[in-house]
Structures are given as structure tokens and as C-alpha cells.
Amino acid sequence: MNGERHTGGSAAPIGVAVVGAGYWGPNLVRNFASAPQYRLTWLCDINKSRAEQVLGPYSTVGVTDDLEVVLADERIDAVAIATPAGTHLDIALAAMRAGKHVLIEKPLAATYTEGLRLVEEAERAGLVLMCDHTFCYTPAVLKIRELVHSGEIGDLHFFDSVRINLGLVQPDIDVLWDLAPHDISILESVLPPGIQPLSVAAHAADPIGTGQACVAFVTLRLTDGAIAHCHLNWLSPTKVRTTMIGGSKRALVWDDLNPLQRVTVYDRGVDLVPAQDARAEDRRKAFVSYRTGDLVSPALTEREALASMVEEFADCIRTGRPPLTDGRSGLRVLDILEAASRSVELHGAPVPLRGIQPDGPVASRLASQEGAI
């Protein structure tokens with residue numbers, strides 16, 4: 001395996017190629033080129049002149065429109081894919097069969113079935129498969145994950161996100177598949193260990209007749225009795241990017257549009273105080289007590305999320321540990337997206353999820369569940 005020479009602390013730079021020079025590829029090129037853990041070697045795109053424009057006239061990075069040239073290069077240890085979702089399966093399979101670690105721009109694949117094939121191939125070959133859910137690597141989300149996992153907010157009660165703005169209406173995907181991957185991947189990354197979504201109920205509408213749903217509401221039932229909700233909208237006159245997470249001890253709010261106070265932790269909430277003559281389990285006889293305490297806005301180290309993401313990719317290649325947004329995580333996001341789309345078709349009826357675990361055999365367990373889902 002190419003990545004074997006990169007285990008240990010004094011590893012040589014990881015040879016990486018970026019496939020795709022369109023919207024997202026230049027961002028990957030910039031971050032890989034500036035990261036000391038990597039040696040950016042190739043930029044591959046079907047439009048070779050576009051790739052040359054991305055690199056500029058003085059770049060020493062190779063440019064090609066032939067993926068086979070990239071995969072045959074023994075200097076390449078990893079491939080980052082920034083192409084349309086419908087091409088992810090073929091490119092990623094080819095890269096892994098050539099012994100390359102793979103980073104894929106979200107979503108992991110165009111369908112759950114294709115994503116499952118990628119996860120199976122990566123695990124069979126012992127390669128790192130990582131999905132670039134960039135928001136999970138923002139300082140705000142990393143801090144939120146730390147607060148939730150440390151028990152700072154207590155038992156999880158709810159997750160509520162709003163991602164709305166005016167446009168852009170997409171011609172090939174609806175608002176669910178355009179915006180929900182961000183919030184679902186964030187939910188995935190911050191959920192406490194042992195807590196996972198069980199089912200999805202979703203409603204969507206196309207009130208202006210675009211042929212694609214422009215407004216959607218997605219509700220997920222979680223294993224601990226908590227609930228998660230995502231509001232998605234292409235038609236809102238204002239842009240809102242907020243996430244609120246409530247727990248038994250505290251609540252927090254992330255406002256991504258407020259650079260001065262992105263994350264705020266509130267020592268405010270509701271407690272149940274049992275009546276003296278009531279049994280502890282009889283919650284109907286409990287008194288509701290409202291707790292009003294301090295609020296704190298933790299300091300965040302400003303850093304580009306993509307820089308943290310490529311650093312995570314390198315560390316996982318060298319150590320063999322799973323990335324925060326590994327293939328299984330990307331597969332769980334696809335599972336939720338497909339279930340949400342199915343629920344919309346069923347007029348909001350709940351659709352059960354497959355329940356992909358962070359470890360253990362994937363193929364045998366999921367194959368046995370296919371007939372029941």
C-alpha cells in the first residue's frame with residue numbers, strides 16, 4: 001500500500017493529486033499546496049486549460065486530462081476528488097484499486113448503494129476513505145463537538161438548525177440534497193458516542209414551480225429520545241445560518257454569520273422538581289423550574305476549515321486511524337438524505353435508517369437489512 005511509508009513521526013511528504021478543477025478543486029489545490037505534509041503533484045481535469053489556469057503559469061504541478069496517468073504515478077499516495085457526485089464512484093474505485101487513499105468532496109457518492117461500494121472497497125484494501133464535509137472542521141463545530149462530548153451540556157435534548165437564504169435554485173438537485181448535507185454532517189460529528197438517528201420524517205415544497213423542492217423541513221428521531229430538526233430554504237429573503245443544541249445542563253447557539261460571537265453557551269433551561277408527595281417516576285406531578293444563569297462565548301481560534309481538513313487527512317494516512325468524516329460517516333449522511341427524500345414521497349411518513357456503526361463489519365450487516373428497509 002502506498003501509504004505504508006508514511007507511518008511514523010518522520011514521514012516524507014504525502015504525494016497527492018487533485019481531480020477536478022471546477023468550483024471546489026481550486027480550494028483543495030491551494031490548501032494541499034500550502035500544507036507541509038503534502039507534495040501536490042498533479043491536477044487532473046477533463047478541461048486541461050482550466051486546470052492550467054487554476055495553477056498559474058509558474059507552477060511545477062503537473063497538469064493532465066488523463067486519470068490513468070495520475071493513478072500510474074508511484075509518487076502519488078492519495079487522490080482528492082472534486083468532481084460531480086455522479087462521477088465519484090468510478091474515480092474513487094479506480095484510485096483505491098491503484099492503492100491510493102481517497103478524499104471525496106461531499107456527498108460521498110450519488111446514492112447510498114454507490115457509497116456502500118466505496119466503503120467496502122476502502123476497508124477491503126486497508127485505505128483511508130474520507131469525505132470532505134468541510135463544516136465539521138470549522139473552529140465553531142470542533143468546539144461544539146468538544147462541549148457536547150465532554151458532557152458540558154448534559155444529556156442531549158434537541159438539535160435545531162436553520163440554513164436559509166435567497167437562492168441559488170439548482171437545476172439538478174433539490175434543496176434537501178443541496179443544503180441538508182451540511183447540517184446532517186454537523187449533526188453526525190457532534191452527536192455524543194452511542195447516540196444516532198433512528199428515523200427521518202421530511203416535508204418539502206416547490207411553491208414557485210421550479211421542478212425542484214425549494215423549501216424543506218427534516219426531523220430525525222434519535223436513540224436517546226431526543227429530536228433533531230433542519231429547516232432548509234432557497235426562498236428566504238434573509239440569510240440565516242444558526243444551530244441550537246439543548247441539553248439537560250446547558251444549551252448552545254452557533255450563529256455562523258456572527259464573527260464576533262459565533263458560539264454562545266447558555267446556562268439556562270428547564271428543570272423538573274418532583275413534588276414532595278409524588279413518586280420520582282411520576283413526572284406528571286413534577287413542577288417545572290426555569291433556570292436562568294450566565295452565558296459564555298468561548299474564544300475560537302480562527303483557521304480555515306479546509307486547512308484542518310487536509311491536516312486530518314494526512315494524519316489518518318500516517319496513523320491509520322479513521323477520519324472524523326470517514327467513509328462510514330459519509331454513508332450515514334447519504335442514508336439520511338435518501339430516507340428524507342423517501343419520506344417526502346410518502347407525504348412526511350417516518351422512514352427508518354439503516355443504523356451504520358462506526359466500526360464492525362459493514363457489508364454483511366447492511367446486506368442483511370436491505371430487505372427490511
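The values are calculated or read from the model by the stated rules, or taken from the named source; none is laboratory data. Small disclaimer: the values here were computed from a predicted structure and weren't measured. Quick reminder, even Gly has a Cβ in these numbers, built from the backbone with ideal geometry, and neighbours come from all protein chains shown.
Go over the candidates L179, L220, L198 one by one and state the one that is within 22 Å of G86 (Cα to Cα) and within 20 Å of the chain's Cα centre (by Cα).
Exactly one of L179, L220, L198 is within 22 Å of G86 (Cα to Cα) and within 20 Å of the chain's Cα centre (by Cα), namely L179.
Are there any pairs, at least 6 apart or on different chains, whose C-beta atoms fall under 6 Å, with the first in the range 242-258 and over 11 Å from E152 (Cα atoms) and the second surrounded by fewer than 21 Cβ atoms within 10 Å (Cβ to Cβ) and of a type in the set (S, T, N, Q), and if so, which?
Listed pairs, sorted by first residue: V253/T264; D255/T242.
Looking at the range 178-200, I want the residues that are within 18 Å of A213 (Cα to Cα) and have a partner that is of a type in the set (S, T, N, Q) and not in a strand (DSSP E or B) with Cβ atoms under 9 Å, at least 6 apart or on another chain. Which pairs are those?
D178/Q170; D178/Q212; H182/T134; V200/S343
So which helices (runs of 4 or more DSSP H) stay within the range 291-373 end to end and still have 2 or more residues that are hydrophobic (A, V, I, L, M, F, W, C) and modelled with pLDDT of 80 or more?
In the range 291-373, the matching helices (runs of 4 or more DSSP H) lie at 305-319, 327-345.
Being at pLDDT below 95 and not in a helix (DSSP H, G or I) narrows it down to one residue among D172, D160; which is it?
D172
Residues that are exposed (fewer than 15 other Cβ atoms within 10 Å of the Cβ), under 22 Å from T113 (Cα atoms) and not β-branched (V, I, T): does the range 41-60 have at least one?
No, because not a single residue in the range 41-60 is exposed (fewer than 15 other Cβ atoms within 10 Å of the Cβ), under 22 Å from T113 (Cα atoms) and not β-branched (V, I, T).
I need the full set of residues from the range 101-148 which are surrounded by 23 or more Cβ atoms within 10 Å (Cβ to Cβ), of a type in the set (D, E, K, R) and more than 30 Å from R262 (Cα to Cα), in order please.
If the condition is that a residue be surrounded by 23 or more Cβ atoms within 10 Å (Cβ to Cβ), of a type in the set (D, E, K, R) and more than 30 Å from R262 (Cα to Cα), then no residue fits.
How many residues does the range 192-228 hold that are surrounded by fewer than 22 Cβ atoms within 10 Å (Cβ to Cβ) and part of a loop (DSSP other than H, G, I, E, B)?
Selection size over the range 192-228: 16.
Residues of the range 39-88 being over 12 Å from K100 (Cβ atoms) and β-branched (V, I, T), which ones?
The answer is I46, V54, T60, V61, V63, T64, V69, T83, T87.
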